[in-house]
Number of protein chains: 2
Amino acid sequence: MTPKDIQDYMLHMGQQARQAARALLRADTAARNHALLTIADTVEAREVALMAENRKDLEAGRAAGLDAAMLDRLAFNPERLAAMADGLRQIAALPDPVGAITDLNYRPSGIQVGRMRVPLGVIGIIYESRPNVTVDAAGLCLKSGNAAILRGGSEAFHSNRALAECIREALEASGLPADAVQVVGTTDRAAVGELLRLKEWVDVIVPRGGKGLIARVSEESQIPVIKHLDGICHVYIDDHADLEKAVRVTVNAKTQRYGTCNTTETLLLAESIAARALSALVPLFAEKGVELRGCERCRGYEPQMPAATEEDWETEYLAPILSIRVVNGLDEAIEHINHYGSHHTDAILTEDYTRARRFLREVDSSSVMVNASTRFADGFEYGLGAEIGISTDKLHARGPVGLEGLTTLKFVVLGDGQIRE
Amino acid sequence: MTPKDIQDYMLHMGQQARQAARALLRADTAARNHALLTIADTVEAREVALMAENRKDLEAGRAAGLDAAMLDRLAFNPERLAAMADGLRQIAALPDPVGAITDLNYRPSGIQVGRMRVPLGVIGIIYESRPNVTVDAAGLCLKSGNAAILRGGSEAFHSNRALAECIREALEASGLPADAVQVVGTTDRAAVGELLRLKEWVDVIVPRGGKGLIARVSEESQIPVIKHLDGICHVYIDDHADLEKAVRVTVNAKTQRYGTCNTTETLLLAESIAARALSALVPLFAEKGVELRGCERCRGYEPQMPAATEEDWETEYLAPILSIRVVNGLDEAIEHINHYGSHHTDAILTEDYTRARRFLREVDSSSVMVNASTRFADGFEYGLGAEIGISTDKLHARGPVGLEGLTTLKFVVLGDGQIRE
């Protein structure tokens, strides 16, 4: 396609999405849930055809030299298809956020004023290899009454196209607009650029993938972006911590998984507990193969530990590396976190009531925790039912973004002929 | 100042604001309310000095040929200064939004998860002539725990600087950081451009003023903007309307004030009630000097009425002009509003329950009303206490933006040593 063709193609997609979004405003709870269940059934019924299309991507991926981990992320099998279908059934079972009216109160003028939760409209989702995102994102958008434009990775092109057909047929069979979920049908990278310019037709963009993708989307988008940048998470062991709990939580926060955004990257230790904490933690981390890098005071206790540099405090390792700093106490810990952190997830480990209360209030992060592993920062663990991503922004959605983050509130006013004097 | 000087000046202001915002996270409800009351007292105590500074602006304005209406908006008098002080006292009396924790529930893992309302951080407000915005905006930002950078119009430079001094002294006397409210001390327009680039230091920009200002700020800003564009508001008189109520509300919605964004610009009439509605409304609007422009069907009833063009449906007149269209019924009315409207405020006038219910759900606007004048779309009328502006955006804040719109929610997690399995 020529650049002009891609521009026209994406514009048309945007306009169709807007029209579908308007029609979705009339779709009641039962209709949207029925569509979700029908998509689930269709995905399961099409197992053979989906596997065949997926094989095309896997063959192309092998030919292009994708590594084993990427090929694994790409691959369908009956269990994974069943898991996609189950995910849709779980979304269908969640309470409908759309149309809920809250805080409807009478005002002195005689009008009643309240707020109704409504869909955002059209959501553009740009993601990388895993094709299950196609189904998950379609499910969350439909449940919340939004139309979706999905742009998956080129390495999953055939798989995504086949899933898109399942979704389209199920939408038609359910009486919802077929354009409520559209999958971009070209692997040309220019299509992403065009999508990010459709500000009249698309209300929000959600990028899901590596830092390169998110940086490009944030930079280029003329549409608001719900995004997630770094996850430089901290654990602070206060001098009033229960050492047994502190050690257990710290090891879990660092080692339960290394590559996730809610993994702890820096450990802060109150001075008076530093020696005891280090002597418990150093052997445990050594056993798990975690490299430790310490500040000068830390190396006073553990002289063999390599020195942490200024750069370490600003690094999301996503690897078995932990930087450790000894601080005077709570004030210095909060200052360090607010200065070097990425405002993602930070935890204090303490039995001291007042310090726990101050930490919760004063640490400026999307999740603040007392005596719990930073690894809990997750839509499912928080009870949101499902998540479309984690936001490190402050406006609109902060932290794990579930169905509520795909909606907004409008004011409703009920009167009986009132006029303003 | 050279461009580099302005850049350094604004960068320094941003850094100081961020530092002040961190300190405000530690300021409790009493401290922030005390500061608001002290500013109020200071403004009243400085009446003579403030009037003298204001006279400099008025003299410069007269020399520059500002019209009488602009000079009036600019002028201080004892009543207006007292009104500013009272506004601050009212803000102080509002409930504190900061720190409120909601929905704190136990999860199966044993952790408790809830959400805490917290300040956005640093808010940049760019506004035009009225200097009372300096005091109102400072009050709303402080109450919600945010630091503010205020950039008023150059024609109010001396007045704003004098108010800024009152605020600064009151902050210092109250033990809050003096940089919690900073007023840009240069009239150079380049300062606005620099402010809009401070994305590391400023969390949100609120422009208040004419369309030119808002368009420029939205276009240039690298920081999220809470903005208000057009107000193309509609009244739809359904065929089941109570005609007496409908006439009263319609006249109020159009004529109570012409220049406000929640004034109705287009009237939609269900066909079966059109003749009766027009015969009641036409003389009332004639009496008030409102020019009517009708669609072809409308002119079937009122042949002397000038014809409305496509452009009329897309115009915010802000003037005594009303466009009128006859529609087949509810579906066509909703389609017209969602297509031509600006998603601001729209009302249905009807006694029909089902149509009222559908209108509330299907009209995609920040305020949707039944049997009430669109003029009610206002922070005070809605009970928000005060408003910093009205948002026609969907993300974050929609409709009148009060204290809550200057805050966000973070997750709080309370555990007892839980780890993720």
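The values are calculated or read from the model by the stated rules, or taken from the named source; none is laboratory data. Predicted, not measured: the structure shown is a model, and the values here were computed from it. Positions of Cβ are generated from backbone atoms using ideal geometry, with glycine treated the same way; all protein chains shown enter the neighbour counts. Surface accessibility is based on the protein's heavy atoms, side chains included, excluding ligands, DNA and RNA. Shrake-Rupley method; radii C 1.70, N 1.55, O 1.52, S 1.80 Å.
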(message) Can you tell me the orientation of helix A:47-63 relative to chain A, as the angle in degrees between its alpha-carbon axis and the longest Cα principal axis, to the nearest 10?
(response) 60 degrees
(request) Sort out for me the Cα centre separation of the stretch B:269-343 from the stretch B:145-207, rounded to whole Å. (result) 44 Å
(request) Work out the length of the dipole vector of the stretch A:233-376 about its Cα centre, built from +1 on the beta-carbon of each Lys and Arg and -1 on the beta-carbon of each Asp and Glu, and round it to the nearest 20 debye. (result) 500 debye
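Note down the net charge around residue A:295, summing +1 for each Lys or Arg and -1 for each Asp or Glu among other residues with Cβ under 12 Å from its Cβ.
Spelling it out: positives minus negatives among the neighbours equals -2.
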(message) Please report, for residue A:100, the nm distances (one decimal) from its label point, 7 Å out from Cα along the beta-carbon direction, to the equivalent points in the remaining copies, shortest first.
(response) 1.6
(message) Only sites in a loop by DSSP and with at most 15 other Cβ atoms within 10 Å count here; which GluC sites (Glu not before Pro) in the stretch B:124-225 make the cut?
(response) B:200
(message) How compact is the stretch A:154-256 by the rule of thumb for globular proteins, expressed as Cα Rg over 2.2 N^0.38 Å?
(response) 1.65
(request) Let me have the relative contact order for chain B, percent, based on Cα pairs under 8 Å that are six or more residues apart. (result) 18 percent
(request) Give the chain A residue with the shortest beta-carbon distance to the rotation axis relating chain A to chain B, plus that distance as a whole number of Å. (result) A:396, 2
(message) Let me cross-check residue B:158: its accessible surface, 1.4 Å probe, with only protein heavy atoms counted, in Å² to the nearest 10?
(response) 50 Å²
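Counting residues in the stretch B:136-175 as N, plug N into 2.2 N^0.38 Å and put the Cα Rg over that result.
1.20
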(request) Go through the stretch B:216-252 and flag every residue whose accessible area shrinks by 30 Å² or more with all protein chains in place compared to the isolated chain (probe 1.4 Å). (result) B:245, B:248, B:252
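Quick check on the stretch A:1-85: what are the equivalent-ellipsoid semi-axes from the Cα gyration tensor, as sqrt(5λ), descending, whole Å?
Those come to 30, 24, 10 Å.
Mind checking the dipole of chain B: about its Cα centre, +1 per Lys or Arg Cβ, -1 per Asp or Glu Cβ, Debye to the nearest 20?
I would put it at about 840 debye.
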(request) Would you mind computing Rg(Cα) / (2.2 N^0.38 Å) for the stretch A:66-167, counting N as its residues? (result) 1.48
(request) Just need log10 I(q)/I(0) for the stretch B:289-329 at q = 0.21 Å⁻¹, Debye formula, equal scatterers on the alpha-carbon atoms, no solvent, rounded to two decimals. (result) -0.63
(request) Pull out a ≥ b ≥ c, the square roots of the eigenvalues of the alpha-carbon gyration tensor of the stretch B:250-296, then state rounded if a/c is under 1.5, prolate if not and a/b is larger than b/c, and oblate in the remaining case. (result) prolate
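Over the protein assembly as shown, with the other protein chains present, what is the accessible area per residue in square angstrom, probe 1.4 angstrom? Before the final figure, lay out each step's value.
Values: 32490 Å² over 842 residues.
Per-residue value: 39 Å².
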(message) Suppose we take every Cα in chain B and form the convex hull; what volume per residue is that in Å³?
(response) 180 Å³
(message) Largest first, please: the extent of the C-alpha atoms of the protein assembly as shown along each principal axis, to the nearest Å.
(response) 91, 76, 49
(message) Using a 1.4 Å probe on the protein heavy atoms, what percent of the accessible area of chain A belongs to carbon and sulfur?
(response) 50 percent
(message) Taking each pair of distinct Cα atoms in the stretch A:301-375 once, what is the resulting Kirkwood hydrodynamic radius in Å?
(response) 13.6 Å
(message) Counting C-alpha atoms alone, how compact is the stretch A:112-160: give Rg to one decimal and Dmax as a whole number, in angstrom.
(response) 14.0, 53
(request) Along each of the three principal axes of the Cα atoms of the stretch B:233-376, give the extent in whole Å, ordering the values from largest to smallest. (result) 36, 30, 27
(request) Rounded to the nearest 100 Å², what's the accessible area chains A and B bury against each other, both chains counted, probe 1.4 Å? (result) 6300 Å²
